[in-house]
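S.K.: I am attaching a structure below and will ask some questions about it afterwards.
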Amino acid sequence: MIPGFFMGNALMWHDLLVALALLLVIEGIWPFLSPNSMREVLLMIAQHDNRSMRISGLVSMVTGVILLYLVN
């Protein structure tokens, strides 16, 4: 391991942990407010085929990359 690698990138790690914390907070809002509706949606999603799931994942990733580009 490179000495000082983690300390030199402390700001990067801080930002990454902040982003992860916000992700967890945002993703926890729906099951906290309406667990039954979330359960129903998850059951519907489980019935989709692999192609639909991959397309949804791709759209989500591309949207995230575009949003990051616009913000930065």
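S.K.: Which value at 222 nm does the chain reach when only helices count, each DSSP H run of 4 or more adding -39,500 (n - 2.57), with the total divided by all residues and rounded to the nearest 500 deg cm²/dmol?
M.R.: Estimated from H runs of four or more residues: -28500 deg cm²/dmol.
S.K.: With springs only between Cα atoms under 10 Å apart, run a GNM on the chain and tell me which of ILE29, ILE55, ILE45 wobbles the most.
M.R.: ILE55
S.K.: For the chain, what are the DSSP H helices with axial Cα length of 20 Å or more and mean Kyte-Doolittle hydropathy of at least -1.0? Walk me through the intermediate numbers first.
M.R.: Working: long enough: 10-33 (35 Å, 1.83); 50-71 (31 Å, 1.23).
Once both thresholds are applied, what remains is 10-33, 50-71.
S.K.: Quick one, which of (i) 33, 27, 18; (ii) 48, 29, 28; (iii) 45, 23, 22 is the actual Cα extents along the principal axes in Å calculated for this model?
M.R.: Looking at Cα extents along the principal axes in Å for this model, the match is (ii).
A short reminder: the numbers here are calculations on the coordinates, not readings from a lab. Small disclaimer: the values here were computed from a predicted structure and weren't measured.
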